[in-house]
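**Student:** One structure follows; several queries about it will come next.
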Amino acid sequence: MTKLRLAIVGAGPAGIYAADILLKAERKFDVSIDLFEQLPAPYGLVRYGVAPDHPRIKGIVNALRDVLDRGDIRLFGNVRFGEDITLDDLKKHYNAVIFATGAIRDTSLDIPGIDAVASYGAADYVSWFDGHPDVPREWPLDAASVGVLGNGNVALDVARMLAKHAEDLLVTEVPANVYEGLKASQVTDVHVFGRRGPAQVKFTPLELRELGELRDVDMVVYDEDFDYDDAAKDAVASNKQVMVIDRILQSWRKRDSVNNAGGTASRRLHLHFWAKPVEVRKDDDGRVAALVYERTRPDGQGGAVGTGELREVPLQALYRAIGYFGSPLPGVPFDKKHGVIPNREGQVLAKDSNERVPGIYATGWIKRGPVGLIGHTKSDAMETVRHIINDQSAWWHPEDPSEESIVELLQARGVRWTDLDGWHRLDEHEIALGAPAERARVKVVPRDEMVRVSRGE
């Protein structure tokens, strides 16, 4: 029987779902899958892109763990594609590759002053508070008034992790350096800015409701933002999710803290709607001093148009949470405009000719852009896997498809890779670190320590 030797680059939900779906699919050939991950631990954005106080979402890890623990997928962690292993290497040892590398950079925002000191991309802050091994251990939290641009769940995560008191994170897996950094935070006010109105936000109700449950944080909303037009009223009436979001926001309007009146908490979280950022003002040292935004209004179709009215909010730091963007991979076609690998239903296309590139596939955010929730990657993977199964005539013909060959290659290059047993060791180590304080785990941050524990050194 024919055998498919498949490499998957990226061990987050997209890569693991693709492996699982292929192994369970009806097919007329055997399958052997190797999963390559640049970090020493698997699970991608579930481990490094979801805030530590979201244990419900992190429950997805349990499903991913079940897939890996079956033992029919090999994991090679701490292996960087383009450095430790190349596309030419994969062609020598596999029939095909799926790239499931996600999108971890921030989308750029082209407005004056966005390059100011203390103007950050949200992805960098998320990586810091999630203990990503490749970012600095410290984060500057010396600003009292902070802005967050965006009206999606990442913006809410960032705002919540800026406003929340550090001690309230001690029940989570928050790393020690992150707890110490947050404990020293000078923040008093967090301002979240969205271009459109309350009925057009991209939040999910659960994320929004959590904001209002923060201890010693007043929610501040502004009555002028809730003058709904017919399109907004229709959205509230016809869409259950919008209706729930509206109900949450309307309940906050009734609190004493609304419009800055009567709040008693030591921190405040302000939601500004109909606010299009137009400029970041700098002080004499080039630091963030204020955000200038244009007041927008409904366009009658669920969108927004400018009014010409400019407003200014004093700030000392700004976080851009307007979307993630994919990164190019050596030797792989890349669409610089959209931050994705060009593809048709997961089959990778040459950048200039739109011709199929045999043997190369994509799934997840690097395939379709950073939209949708984690669960959407399953249907995404199904589409890609279907083509791999049907594309047998276009598979590569590797020189040495043996399973030992890739191990020998990594050994010869001195790559200190981690495997599934190593992840179990690291997992148990982190859980043991959390046990004395009755925490689920304490995440290990330094890459070399992760590798050392994983390899039992």
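**Student:** How many residues are within 28 Å of the chain's Cα centre (by Cα) and surrounded by 17 or more Cβ atoms within 10 Å (Cβ to Cβ) if we restrict to region 260-280?
**Tutor:** Taking region 260-280 and keeping what is within 28 Å of the chain's Cα centre (by Cα), we get 267-280.
Next, from what is left, pick out any that are surrounded by 17 or more Cβ atoms within 10 Å (Cβ to Cβ): 267-277, 280.
The qualifying residues number 12.
**Student:** Which of the numbered conditions does Ala275 fail, given that it passes all the others? Conditions: (1) more than 17 Å from Ile114 (Cα to Cα); (2) in contact with a Leu (Cβ under 9 Å, 6 or more places away or on another chain).
**Tutor:** (1)
**Student:** Sticking with this one: Out of all the residues in region 70-80, which are of a type outside the set (A, V, I, L, M) and at pLDDT 95 or above?
**Tutor:** Selection gives Arg74, Phe76, Gly77, Asn78, Arg80.
**Student:** If you don't mind, there's one more thing I want to ask. Condition check: among the β-branched types (Val, Ile, Thr), in contact with a strand residue (DSSP E or B) (Cβ under 9 Å, 6 or more places away or on another chain) and at pLDDT 95 or above. Does Ile85 satisfy that? Spell out the reasoning first.
**Tutor:** Values: among the β-branched types (Val, Ile, Thr): yes; in contact with a strand residue (DSSP E or B) (Cβ under 9 Å, 6 or more places away or on another chain): yes; at pLDDT 95 or above: yes.
Criteria met by Ile85.
**Student:** Related question: Could you grab me the full set of residues in region 121-143 that are among the aromatic types (Phe, Trp, Tyr) and either assigned to a loop (DSSP other than H, G, I, E, B) or surrounded by fewer than 20 Cβ atoms within 10 Å (Cβ to Cβ) (or both)?
**Tutor:** Taking region 121-143 and keeping what is among the aromatic types (Phe, Trp, Tyr), we get 125, 128-129, 139.
Listed by number, the list holds a single entry, Trp139.
**Student:** Among the numbered conditions (1) of a type outside the set (Gly, Ala, Ser); (2) surrounded by fewer than 19 Cβ atoms within 10 Å (Cβ to Cβ); (3) at pLDDT 95 or above, tell me where Leu90 comes up short.
**Tutor:** (2)
**Student:** Just checking, how many residues over region 26-47 are modelled with pLDDT under 95, open to solvent by less than 30 Å² (accessible area, probe 1.4 Å) and of a type in the set (A, V, I, L, M)?
**Tutor:** The qualifying residues number 1.
**Student:** Could you give me the residue pairs with C-beta distances under 6 Å whose first residue belongs to region 206-217 and is under 11 Å from Lys164 (Cα atoms) and acidic (Asp, Glu), whose second residue is part of a loop (DSSP other than H, G, I, E, B) and open to solvent by 20 Å² or more (accessible area, probe 1.4 Å) wherever it lies, and which are 6+ apart or on separate chains?
**Tutor:** As it stands, the answer is Asp216/Ser266, since those pairs meet every condition given.
**Student:** Here is a further query. Six or more apart or on different chains, Cβ under 6 Å: which pairs go from a residue in region 242-253 that's closer than 12 Å to Leu208 by Cα to one that's open to solvent by 50 Å² or more (accessible area, probe 1.4 Å)? Could you list them?
**Tutor:** Ile248/Arg209
**Student:** Out of all the residues in region 333-366, which are part of a strand (DSSP E or B), open to solvent by less than 10 Å² (accessible area, probe 1.4 Å) and either in contact with a Lys or Arg (Cβ under 6 Å, 6 or more places away or on another chain) or small (Gly, Ala, Ser) (or both)?
**Tutor:** Within region 333-366, Gly359, Ala362 qualify.
**Student:** Right, here's the next one. Inspect all residues belonging to region 107-118 and state whether any of them is part of a loop (DSSP other than H, G, I, E, B), farther than 28 Å from Ala440 by Cβ, at pLDDT below 95 and not hydroxyl-bearing (Ser, Thr, Tyr). Before the answer, list the steps.
**Tutor:** Taking region 107-118 as the starting set, the residues that turn out to be part of a loop (DSSP other than H, G, I, E, B) are 107-116, 118.
Keeping just the survivors that are farther than 28 Å from Ala440 by Cβ gives 107-116, 118.
Cutting the leftovers down to at pLDDT below 95 gives us 107-110.
Right, trim to not hydroxyl-bearing (Ser, Thr, Tyr) and you get 109-110.
The answer is yes; a qualifying residue exists.
**Student:** Kindly provide the set of residues from region 153-170 that are open to solvent by 20 Å² or more (accessible area, probe 1.4 Å) and under 22 Å from the mean Cα position of the chain (by Cα), ordered by number.
**Tutor:** Asn153, Val154, Lys164
**Student:** Return yes when Val288 is open to solvent by 20 Å² or more (accessible area, probe 1.4 Å), within 20 Å of Ser145 (Cβ to Cβ) and among the aliphatic types (A, V, I, L, M) and no when it is not. Before you say what the answer is, go through the steps one by one.
**Tutor:** On the way: open to solvent by 20 Å² or more (accessible area, probe 1.4 Å): no; within 20 Å of Ser145 (Cβ to Cβ): yes; among the aliphatic types (A, V, I, L, M): yes.
Considered against the rule, which asks whether it is open to solvent by 20 Å² or more (accessible area, probe 1.4 Å), within 20 Å of Ser145 (Cβ to Cβ) and among the aliphatic types (A, V, I, L, M), Val288 comes out as no.
**Student:** Pick out the one residue from Ala432, Ala394 that is more than 17 Å from Tyr94 (Cβ to Cβ), among the small types (Gly, Ala, Ser) and without any contact (Cβ under 8 Å) to a residue 40 or more places away in the chain. Break it down into steps so the answer makes sense when it comes.
**Tutor:** Values: Ala394 fails: more than 17 Å from Tyr94 (Cβ to Cβ).
Result: Ala432 is the single residue among Ala432, Ala394 that is more than 17 Å from Tyr94 (Cβ to Cβ), among the small types (Gly, Ala, Ser) and without any contact (Cβ under 8 Å) to a residue 40 or more places away in the chain.
This table checks each residue for (1) among the polar types (S, T, N, Q); (2) over 15 Å from Tyr319 (Cβ atoms); (3) out of contact with any helix residue (DSSP H, G or I) (no Cβ under 6 Å at 6 or more places or on another chain); (4) at pLDDT 95 or above.
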{"position": "Asp124", "(1), (2), (3), (4)": "no, no, yes, no"}
{"position": "Ala143", "(1), (2), (3), (4)": "no, no, yes, yes"}
{"position": "Val148", "(1), (2), (3), (4)": "no, no, no, yes"}
{"position": "Gly152", "(1), (2), (3), (4)": "no, no, yes, no"}
{"position": "Val158", "(1), (2), (3), (4)": "no, no, no, yes"}
{"position": "Lys164", "(1), (2), (3), (4)": "no, no, yes, yes"}
{"position": "Thr172", "(1), (2), (3), (4)": "yes, yes, yes, no"}
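**Student:** Could you list, ordered by first residue, the pairs with Cβ atoms under 8 Å in which the first is in region 139-150 and within 15 Å of Val217 (Cβ to Cβ) and the second is surrounded by fewer than 20 Cβ atoms within 10 Å (Cβ to Cβ) and of a type in the set (Ser, Thr, Tyr), at least 6 apart or interchain?
**Tutor:** These pairs meet every condition: Ala144/Thr188; Ser145/Thr188.
**Student:** With the requirement that a residue be touching a strand residue (DSSP E or B) at 6+ places or on another chain (Cβ under 8 Å) and part of a helix (DSSP H, G or I), what does region 161-197 give you?
**Tutor:** Passing the criteria: Leu162, Ala163.
**Student:** Follow-up question, since we're still on this one. Out of the residues in region 1-53 meeting the condition of being without any contact (Cβ under 8 Å) to a residue 60 or more places away in the chain and assigned to a loop (DSSP other than H, G, I, E, B), tell me which one is farthest from Gly359 (Cα to Cα).
**Tutor:** Within region 1-53, the match that is farthest from Gly359 (Cα to Cα) is Tyr43.
**Student:** Could you tell me how many of the residues in region 244-271 are in a loop (DSSP other than H, G, I, E, B) and at pLDDT 90 or above? Outline the logic, then answer.
**Tutor:** Of all residues in region 244-271, those in a loop (DSSP other than H, G, I, E, B) come to 254-257, 261-266.
Pick out the ones that are also at pLDDT 90 or above and you get 265-266.
Residues in region 244-271 being in a loop (DSSP other than H, G, I, E, B) and at pLDDT 90 or above: 2 in total.
**Student:** Condition first: β-branched (Val, Ile, Thr) and either within 17 Å of Tyr319 (Cβ to Cβ) or at pLDDT below 95 (or both). Now tell me which residues in region 279-308 satisfy that. Before the answer, list the steps.
**Tutor:** Residues of region 279-308 that are β-branched (Val, Ile, Thr), as a first pass: 280, 288, 292, 296, 305, 307.
Result: Val280, Val288, Val292, Val305.
The values are calculated or read from the model by the stated rules, or taken from the named source; none is laboratory data. Note that this is a predicted model, so its numbers are computed, not measured. As a convention, Cβ positions derive from the backbone with ideal geometry for all residues, glycine included, and neighbour counts pool all protein chains shown. Remember, those area values only see protein heavy atoms, side chains included, never the ligands or the DNA or RNA. Shrake-Rupley method; radii C 1.70, N 1.55, O 1.52, S 1.80 Å.
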